[in-house]
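Below is one structure, written out as structure tokens, with a few remarks after it.
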Amino acid sequence: MPRLSEVLAALDALWPAERAEGWDAVGTVCGDVDDPAAEVDRVLFAVDPVQEVADEAIKLGAQLIVTHHPLYLRGTTTVAATTFKGRVVHTLIKHDIALHVAHTNADTADPGVSDALAGALDLRVTGPLVPDPTDPKGRRGFGRICELDHPETLRDLAARAAARLPATAQGIRMAGDPDAVVRTVAVSGGSGDSLFDAVRAAGVDAFLTADLRHHPASEAVQQSAIGLIDAAHWATEWPWCEQAAAQLDAISDRHGWGLRVHVSKQVTDPWTTHHSSGAPN
């Protein structure tokens, strides 16, 4: 059975903390890395470090949780169990469960979050949308530019996203001409409307991401014929959990660790219900 420090070193090699954005909070949040008795034989991957995921780890007997989203993205003055984040910390420590976060350093990785999103939709990645200038191979960076094996309508591409991504209350929203033909598409897991300048510069037919706000989306479709596909934030990032779990599985096999790696299927997207509104009068 590998030591916790060995597994965390492998995760740091996959997603180096120095490649995270300056505002981000990545790396090990909870867990005694220096304890030689701290060992790991079961790992749980999830998008969000919430109480439901901590409880799932306890039931699985996992000693390590790896999440995409940070537990503490901003500073705090307390980890009291009376706060919901403090309760997560108390739960993890009480059950000797470590927590490790790979956020923007996983977004830009090769493969990264957007590679997993493209893979879930059977899109062929041709390169990063916003390349990492420090990568001599030109493979790392935010978002991905993709090609479809065969042209299809924006409507069909949105339907593909609805069928392939995990189900959420939001479902899939679409803007643009439903019958427009799509040959190239930019994808970005998580919130993507800060990338519109790069999307326009790429000249793609469509952009699939999450959390599109009214004004950036309205301006995008007014400026060009680009089609927009907006999925739930959690749904666009969940495929990374499967990709990351497979990466750790491969490392475990190489080292003979015998890790049992799990992916949480709990829907931790905060939106739970959707009602279609009536037509405007």
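The values are calculated or read from the model by the stated rules, or taken from the named source; none is laboratory data. Remember, it's a predicted structure, so these values are computed and weren't measured experimentally. Reconstructed Cβ throughout: ideal geometry from the backbone, glycine too, with neighbour counts over all protein chains shown. Quick note on the areas: whole protein, heavy atoms, side chains included, nothing else; ligands and nucleic acids left out. Shrake-Rupley method; radii C 1.70, N 1.55, O 1.52, S 1.80 Å.
Between ALA201, ALA163, which is over 18 Å from ASP122 (Cβ atoms), free of Cβ contacts under 8 Å to residues at least 60 places away in the same chain and either not in a strand (DSSP E or B) or not basic (Lys, Arg) (or both)?
Numbers: ALA163 fails: over 18 Å from ASP122 (Cβ atoms).
From the options ALA201, ALA163, the qualifying one is ALA201.
Being assigned to a loop (DSSP other than H, G, I, E, B) and either open to solvent by less than 100 Å² (accessible area, probe 1.4 Å) or touching a helix residue (DSSP H, G or I) at 6+ places or on another chain (Cβ under 6 Å) (or both) is the requirement here; does ASP249 meet it? Walk me through how you get there before you give the answer.
On the way: assigned to a loop (DSSP other than H, G, I, E, B): no; either open to solvent by less than 100 Å² (accessible area, probe 1.4 Å) or touching a helix residue (DSSP H, G or I) at 6+ places or on another chain (Cβ under 6 Å) (or both): yes.
Spelling it out, it is not the case that ASP249 is assigned to a loop (DSSP other than H, G, I, E, B) and either open to solvent by less than 100 Å² (accessible area, probe 1.4 Å) or touching a helix residue (DSSP H, G or I) at 6+ places or on another chain (Cβ under 6 Å) (or both).
Which residue pairs have Cβ atoms under 6 Å apart, sit 6 or more places apart or on different chains, and have a first residue in region 21-41 that is in a loop (DSSP other than H, G, I, E, B) and a second that is surrounded by fewer than 18 Cβ atoms within 10 Å (Cβ to Cβ) and acidic (Asp, Glu)?
Qualifying pairs under 6 Å: ALA38/ASP32.
If we keep just the residues of region 72-99 that are assigned to a loop (DSSP other than H, G, I, E, B) and not β-branched (Val, Ile, Thr), which is surrounded by the most Cβ atoms within 10 Å (Cβ to Cβ)?
Initially, region 72-99 is screened for residues assigned to a loop (DSSP other than H, G, I, E, B), giving 72-83, 95-97.
Filter again for not β-branched (Val, Ile, Thr), leaving 72-75, 80-81, 95-96.
Details: TYR72: 14, LEU73: 13, ARG74: 7, GLY75: 6, ALA80: 12, ALA81: 14, HIS95: 14, ASP96: 16.
Of everything passing the filter in region 72-99, ASP96 is surrounded by the most Cβ atoms within 10 Å (Cβ to Cβ).
Please enumerate the residues belonging to region 100-119 that are in contact with a helix residue (DSSP H, G or I) (Cβ under 7 Å, 6 or more places away or on another chain) and part of a strand (DSSP E or B).
Hit for region 100-119 is HIS100, nothing else.
Go over the candidates TRP271, TRP240, TRP257 one by one and state the one that is open to solvent by less than 10 Å² (accessible area, probe 1.4 Å) and in contact (Cβ under 8 Å) with a residue 24 or more places away in the chain. Spell out the reasoning first.
Working: TRP271 fails: open to solvent by less than 10 Å² (accessible area, probe 1.4 Å); TRP257 fails: open to solvent by less than 10 Å² (accessible area, probe 1.4 Å).
After ruling out the rest, the residue left standing is TRP240.
Quick test of your reading of the structure: THR134 fulfils all but one of (1) surrounded by 17 or more Cβ atoms within 10 Å (Cβ to Cβ); (2) β-branched (Val, Ile, Thr); (3) in a loop (DSSP other than H, G, I, E, B). Name the failing condition by number.
Only one criterion in (1) surrounded by 17 or more Cβ atoms within 10 Å (Cβ to Cβ); (2) β-branched (Val, Ile, Thr); (3) in a loop (DSSP other than H, G, I, E, B) is unmet by THR134, namely (1).
Quick one: is ASP122 part of a loop (DSSP other than H, G, I, E, B), among the acidic types (Asp, Glu) and closer than 19 Å to THR236 by Cα?
Working: part of a loop (DSSP other than H, G, I, E, B): yes; among the acidic types (Asp, Glu): yes; closer than 19 Å to THR236 by Cα: yes.
Considered against the rule, which asks whether it is part of a loop (DSSP other than H, G, I, E, B), among the acidic types (Asp, Glu) and closer than 19 Å to THR236 by Cα, ASP122 comes out as yes.
Report, by residue number, each residue of region 141-160 that is more than 18 Å from ALA202 (Cα to Cα) and either open to solvent by less than 50 Å² (accessible area, probe 1.4 Å) or outside any strand (DSSP E or B) (or both).
Of the residues in region 141-160, the ones more than 18 Å from ALA202 (Cα to Cα) are 149-150, 152-153, 155-160.
If the condition is that a residue be more than 18 Å from ALA202 (Cα to Cα) and either open to solvent by less than 50 Å² (accessible area, probe 1.4 Å) or outside any strand (DSSP E or B) (or both), then GLU152, THR153, ARG155, ASP156, LEU157, ALA158, ALA159, ARG160 are the ones that fit.
Tell me, please, whether a residue that is modelled with pLDDT under 95, among the basic types (Lys, Arg) and open to solvent by 40 Å² or more (accessible area, probe 1.4 Å) can be found in region 57-71. Write out each step before concluding.
Keep residues of region 57-71 that are modelled with pLDDT under 95, which gives none.
No, because not a single residue in region 57-71 is modelled with pLDDT under 95, among the basic types (Lys, Arg) and open to solvent by 40 Å² or more (accessible area, probe 1.4 Å).
Pick out the one residue from ASP110, ASP115 that is touching a Lys or Arg at 6+ places or on another chain (Cβ under 8 Å), of a type in the set (Asp, Glu), open to solvent by 50 Å² or more (accessible area, probe 1.4 Å) and within 30 Å of ASP149 (Cα to Cα).
On the way: ASP115 fails: open to solvent by 50 Å² or more (accessible area, probe 1.4 Å).
Exactly one of ASP110, ASP115 is touching a Lys or Arg at 6+ places or on another chain (Cβ under 8 Å), of a type in the set (Asp, Glu), open to solvent by 50 Å² or more (accessible area, probe 1.4 Å) and within 30 Å of ASP149 (Cα to Cα), namely ASP110.
This table checks each residue for (1) aliphatic (A, V, I, L, M); (2) crowded, with 23+ Cβ neighbours inside 10 Å.
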position	(1), (2)
ARG139	no, no
MET174	yes, no
VAL181	yes, no
THR184	no, no
ALA198	yes, no
THR209	no, yes
GLN222	no, no
ALA235	yes, yes
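Which of the residues that make up region 48-69 are out of contact with any strand residue (DSSP E or B) (no Cβ under 8 Å at 6 or more places or on another chain) and part of a helix (DSSP H, G or I)?
First, the residues of region 48-69 that are out of contact with any strand residue (DSSP E or B) (no Cβ under 8 Å at 6 or more places or on another chain): 50-52, 55, 58-59.
Correct list: GLN51, GLU52, ASP55, ILE58, LYS59.
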